[in-house]
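What follows is one structure encoded as C-alpha cells, with my remarks underneath.
The values are calculated or read from the model by the stated rules, or taken from the named source; none is laboratory data. All values reported here derive from a predicted model rather than from experimental measurement. Here Cβ is always computed from backbone atoms with ideal geometry, including for glycine, and neighbour counts include all displayed protein chains.
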Amino acid sequence: MFPLKSGTRCRFRLSDVICPDKQQIVTQITPELEVSGEVVLLSDGGDKPEQYAIIEVAGIGAPLIVPVALLKEGQIPAVAEKAVPQEPGQLDKRYEKVGKS
C-alpha cells in the first residue's frame, strides 16, 4: 500500500464507498464530473457526418452519446500539475472520530 497523508490523491470505485448510500452519491453527481471512455462508433447528425461519438465508459452500463466537438483527447489525468498542493492541507476535523469506538 502507498503512504497516505492529508493531500494524497487516490482512486477508488463508487461501489467501495460505505457512506453516503450509493443512490445518494448518484443524485449528488454534478455536470462537472469528467469520465473517460472508448469511442466505439461515430454517428451522423442529420446531414453532417460524424457529429456524435458513442462511447463506452467502464462502470456505466450503457454507451454514452456525446457531441464530437465537446470531446477532449486522452484519459483524465491522475494528477493535474496545478491541483497538487506543495504542502498537505489540513485534515477535516469533522471526520476524526469516524470508525473509532
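Could you tell me whether any residue of the range 10-24 is within 25 Å of residue 71 (Cα to Cα), modelled with pLDDT of 85 or more and of a type in the set (S, T, N, Q)?
no
For residues that are closer than 17 Å to residue 73 by Cβ, surrounded by 10 or more Cβ atoms within 10 Å (Cβ to Cβ), under 18 Å from the mean Cα position of the chain (by Cα) and of a type outside the set (Val, Ile, Thr), tally how many sit in the range 15-55.
3
Could we say that residue 5 is loosely packed, with under 10 Cβ neighbours inside 10 Å and charged (D, E, K, R) here?
yes
Can you pull out every residue in the range 16-26 that is over 27 Å from residue 53 (Cα atoms) and part of a helix (DSSP H, G or I)?
16, 22, 23, 24
Please give the strands (runs of 3 or more DSSP E) falling wholly within the range 27-77 in which 1 or more residues are small (Gly, Ala, Ser).
So the answer is 38-45, 48-56.
Which pairs turn up if I take residues in the range 1-15 that are touching a residue at least 40 places away in the same chain (Cβ under 8 Å) and farther than 28 Å from residue 57 by Cα and look for partners that are of a type outside the set (Gly, Ala, Ser) and exposed (fewer than 10 other Cβ atoms within 10 Å of the Cβ) with beta carbon separation below 9 Å, at least 6 apart in sequence or on another chain?
6/90; 6/92
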